[in-house]
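Below is one structure, written out as structure tokens; the observations come after it.
The values are calculated or read from the model by the stated rules, or taken from the named source; none is laboratory data. On a predicted model such as this, the values are computed, not experimentally measured, just so you know. Note that we place each Cβ from the backbone using ideal geometry, even for glycine, and neighbour counts take in every protein chain shown.
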Amino acid sequence: MEEVTSSSHTLNFAAEPVDPDDPTSPWLTARKGALRAVHKLLGKSDYTAHAGVYTGGANAVYWVEIVAKRPDGLVVVRNITEGAKRKVPEVTAPIEPDLLYPLLRGRDVQRWGAEPSAHIVVPHTKDTGWQAIGEKELQAQYPLSFAYFNRFKEVLLSRVAYNLLRQGHPFYILKDISAYTFTPWKVVWLGFGARTMKVAVVGRVDGKPVMSNQAMHPFIPLEHEDEAHYVCASMNSAPFECAVRAHTQEGGKSFAQSNILDHVYIPKYDPADPVHRALAEASKEAHEAAAQGDEPRLREIEKQVDTLAAKLWNLSDKELAEIHRSLAELEARGK
């Protein structure tokens, strides 16, 4: 175990390998007491996280805003070109609503709340999974959506991701998408650019599952609301936060990506377990408090979440206190 120092001051931290018998394994950094607690959280989770939908560098084609909803049921959309790395023409066109889904982008995900600010045209279904709807089928069933994509055919065919991985498939195929993408409930969090866990539960919007984007929002797909809230509370708790930050290298822009659940263990939700149920209820209350801007109430709920999380991972009061001290030192340092 080694002491961690910085140029400005010495932290009361220690560093040690995850596997004490293998110094080449990933290292953890935290207060000594917190490190002992963190070891109780280590292991592969009972949940699997995924990256959000990846357009292969063509966000400006797939990401759209709704301009109007027509009486005949069609939706007029305009592709979002502002801020796109790859410039494409701005197009306003009617499409069928079937392939249009709410999209989380940028800072749409915060702690205890997620609100889509755009839409994405997804030429896949739960049944086709990672494979896109065939071109003949898309043209026959959704001719306007096919015509929309066809306007950008050259751009879509020139995507690096398409040329490396998807050649021979429909030119509009997406990446990092499967049947799990269409689940009704998702636990999502801000990954890129975050310093702390900002986890939220999002369900269907207007009857459609919400899509997250590959660059910003890893997610856990789930079928049931209570289970989603249980996982969300666990991930927003101080013990989970400490375990993640103990793994995270300082200065990196990528925080808590989908592989974090390969290292930090969340047990499978058991509706018969009172701690699991209490965590789920606390998450629901936290989402309500956050939506109302009730910060005092939210702080009280988060204290309750930490106490319940300590029970979940069998942490003592002393170990939870050490975790709080470790996180406080990181905040004081600005990490």
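The table below lists the values:
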{"read-out": "Unmet requirement for Val231, which otherwise passes all of (1) surrounded by fewer than 21 Cβ atoms within 10 Å (Cβ to Cβ); (2) within 26 Å of Asn314 (Cβ to Cβ)", "value": "(1)"}
{"read-out": "Checklist (1) surrounded by fewer than 14 Cβ atoms within 10 Å (Cβ to Cβ); (2) among the hydrophobic types (A, V, I, L, M, F, W, C); (3) at pLDDT 95 or above applied to Leu157, failing item", "value": "(3)"}
{"read-out": "Residue, farthest from Asp226 (Cα to Cα), within region 174-189, restricted to residues that are in a loop (DSSP other than H, G, I, E, B) and touching a Phe, Trp or Tyr at 6+ places or on another chain (Cβ under 8 Å)", "value": "Leu174"}
{"read-out": "Every residue from region 309-329 that is under 23 Å from the mean Cα position of the chain (by Cα) and in a helix (DSSP H, G or I)", "value": "Ala309, Leu312, Leu327"}
{"read-out": "Residues that are of a type outside the set (Gly, Ala, Ser) and in contact (Cβ under 8 Å) with a residue 24 or more places away in the chain, drawn from region 284-294", "value": "Lys284, His287"}
{"read-out": "Pairs where the first residue, in region 306-331, is under 27 Å from Pro271 (Cβ atoms) and at pLDDT 95 or above and the second is aromatic (Phe, Trp, Tyr) and in a helix (DSSP H, G or I), C-beta under 9 Å, 6+ apart", "value": "Ala309/Phe240; Trp313/Phe240"}
{"read-out": "Cross-chain or 6+ apart pairs with Cβ under 6 Å, region 65-87 first and at pLDDT below 95, then assigned to a loop (DSSP other than H, G, I, E, B)", "value": "Thr81/Glu90; Arg86/Gly57"}
{"read-out": "Residues of region 190-210 that turn out to be crowded, with 18+ Cβ neighbours inside 10 Å, modelled with pLDDT of 95 or more and in contact with a helix residue (DSSP H, G or I) (Cβ under 7 Å, 6 or more places away or on another chain), as a count", "value": "4"}
{"read-out": "Residue selected from region 211-261 under the condition more than 19 Å from Leu298 (Cα to Cα) and among the hydroxyl-bearing types (Ser, Thr, Tyr), by the criterion modelled with the lowest pLDDT", "value": "Ser254"}
{"read-out": "Checking Phe171 against (1) without any contact (Cβ under 8 Å) to a residue 60 or more places away in the chain; (2) assigned to a loop (DSSP other than H, G, I, E, B); (3) out of contact with any helix residue (DSSP H, G or I) (no Cβ under 8 Å at 6 or more places or on another chain); (4) within 27 Å of Lys87 (Cβ to Cβ), the condition it does not meet", "value": "(3)"}
{"read-out": "Residue check for Lys44: touching a His at 6+ places or on another chain (Cβ under 8 Å) and either surrounded by 15 or more Cβ atoms within 10 Å (Cβ to Cβ) or at pLDDT below 95 (or both)", "value": "yes"}
{"read-out": "Residue count for region 79-117, restricted to those that are under 28 Å from Val199 (Cα atoms), surrounded by fewer than 19 Cβ atoms within 10 Å (Cβ to Cβ) and of a type in the set (A, V, I, L, M)", "value": "1"}
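Condition check ((1) in contact (Cβ under 8 Å) with a residue 60 or more places away in the chain; (2) outside any helix (DSSP H, G or I)) across all residues:
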position: Tyr269; (1), (2): no, yes
position: Ala282; (1), (2): no, no
position: Pro296; (1), (2): no, no
position: Glu302; (1), (2): yes, no
